[in-house]
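Visitor: One structure is given below, represented as structure tokens, and several questions about it will come after.
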Amino acid sequence: MFYQEKCNLCGKCLEYCPYVEYDLKRAQEEMKELVSGGTPPIVGLCVTCASCNLVCPTQANPFDLLNQRQEETDALGIPDQAMQNFAKLYNLPAVVKKGKKGNAVLNLCIVGDMVRELLDNPLFDDLTIVEGADYFCTVGYIHLGKPSLAKKEAKRYIDNLAALGANEVICFHDDCYTMLTTLAQEYGLKVPFQPVHIFEYLYRELKKREGQLKSVPIRVAYQSPCASRYTQGKDIYLDKIFELLGVERPARKYERINALCCGAPLMARDKERAAVVKKWNIDDAKKVKADAMVFLCPMCYLNLRKLCKDDSIDPIFITELCKKAL
Ligand code: SF4
Ligand code: SF4
């Protein structure tokens, strides 16, 4: 939600935006136009990464206003085919694979088919695993410039997960954690179970096995998904996982608060621009001589996997990294 009363039109949000080269004057002018109800060019140029929410010094949430205007004006120009492809995810059958009674639920949302080969992991033994349309968080609508549709689907999603009766729901998909924490709170929805981020779950499980873990002494670049801009607090568990496994994470330009989108949200509307953003990510990892790029989001993983391999960077999903230590 954009808090207009907090916005002093300082322009720092759009001056920061890594996908345009605005000086402070232009940033201030476009923010002024946006807040006055207009549609400045940034509304269409925005890649929907939500990073400007993080850099705003008054927490006014400028991206939320941009996203609202994108919906009002259709400024992103998302092709109908891309919208239809997203809507097809509602057809995925709901699957509930029962685990040990009393254990937590692991929600795969709609990403199960994208990472099926990565799910064979002893750390998931005995969990109830669910996936499909009933457990689809729909946060992707934000990237499609339709945030009101994510809000509309939120209660159905939370109710379906609550009906499973578990005390804890582990979010495999970062978008789900965003929905169950930051967005649910913003929408005024109660979540009657504890959402647990996959980082926290993996850390807890690794910590239980601490004495038997193998070290994974590699140098990695971490690709943070855009949804993580809403839930920065949980990233502490990633640092703890890396520390536990002996993984080195060298400082680089595009990480932590400066993390870039993987480019996937641009694929449907501007492939050339998507290619540029992908290259920025890979080149940055190369610059620090990363052996591997670690992924949390299946979309980021599928989108950058080949480019990583082309540059001799090993693409590793976070669950696979943890499996290497077992
Ligand atoms: S949203 Fe925040 S950073 Fe952007 S102009 Fe307003 S106060 Fe400044
Ligand atoms: S959401 Fe990302 S791409 Fe859009 S204006 Fe903010 S920083 Fe730029």
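Visitor: Hey, could you check region 29-63 for residues that are small (G, A, S) and near ligand 2 (Cβ under 7 Å from one of its atoms) and say which is nearest to K12 (Cα to Cα)? Talk me through it step by step, then tell me what you get.
Guide: Initially, region 29-63 is screened for residues small (G, A, S), giving 36-38, 44, 50-51, 60.
Those still in the list that are near ligand 2 (Cβ under 7 Å from one of its atoms) too: 50-51.
Working: A50: 14, S51: 12 Å.
So the residue we want is S51.
Visitor: Quick one: is R305 on the phi > 0 side of the Ramachandran plot and surrounded by fewer than 23 Cβ atoms within 10 Å (Cβ to Cβ)?
Guide: On the way: on the phi > 0 side of the Ramachandran plot: no; surrounded by fewer than 23 Cβ atoms within 10 Å (Cβ to Cβ): yes.
So R305 does not fit the description; no.
Visitor: Yes or no: region 185-192 includes at least one residue that is crowded, with 16+ Cβ neighbours inside 10 Å and in contact (Cβ under 8 Å) with a residue 40 or more places away in the chain.
Guide: Within region 185-192, not a single residue is crowded, with 16+ Cβ neighbours inside 10 Å and in contact (Cβ under 8 Å) with a residue 40 or more places away in the chain.
Visitor: Of the residues K289, K234, only one is part of a loop (DSSP other than H, G, I, E, B) and not assigned by TED's automatic domain parsing to the domain that holds V47; which? Give the steps one after another, and end with the answer.
Guide: Numbers: K234 fails: part of a loop (DSSP other than H, G, I, E, B).
None of the others qualify; the one that does is K289.
Visitor: Can you confirm whether region 50-58 contains a residue that is loosely packed, with under 11 Cβ neighbours inside 10 Å and outside the structural domain of E186 (by TED's automatic domain parsing)?
Guide: Initial filter on region 50-58 (loosely packed, with under 11 Cβ neighbours inside 10 Å): 57.
Those left that are additionally outside the structural domain of E186 (by TED's automatic domain parsing): 57.
Scanning region 50-58, I find at least one residue that is loosely packed, with under 11 Cβ neighbours inside 10 Å and outside the structural domain of E186 (by TED's automatic domain parsing), so the answer is yes.
Visitor: Could you grab me the full set of residues in region 165-193 that are in contact with a helix residue (DSSP H, G or I) (Cβ under 9 Å, 6 or more places away or on another chain) and outside any helix (DSSP H, G or I)? Outline the logic, then answer.
Guide: Here is the first cut: in region 165-193, the residues in contact with a helix residue (DSSP H, G or I) (Cβ under 9 Å, 6 or more places away or on another chain) are 168-184, 186-187, 189-193.
Of everything in region 165-193, those that are in contact with a helix residue (DSSP H, G or I) (Cβ under 9 Å, 6 or more places away or on another chain) and outside any helix (DSSP H, G or I) turn out to be E168, V169, I170, C171, F172, H173, L189, K190, V191, P192, F193.
Visitor: Of all residues in region 13-27 being buried (at least 18 other Cβ atoms within 10 Å of the Cβ) and not aromatic (F, W, Y), which is farthest from ligand 1 (Cβ to nearest atom)?
Guide: Per the criteria, the residue is C17.
Visitor: Checking Y203 against (1) in contact with a Lys or Arg (Cβ under 8 Å, 6 or more places away or on another chain); (2) in a helix (DSSP H, G or I); (3) more than 18 Å from E168 (Cα to Cα), which single condition isn't satisfied?
Guide: (3)
The values are calculated or read from the model by the stated rules, or taken from the named source; none is laboratory data. Predicted model, so just to flag it, every value in this text is computed and none were measured. Cβ coordinates were reconstructed from backbone atoms using ideal geometry, including for glycine residues, and neighbour counts include every protein chain displayed.
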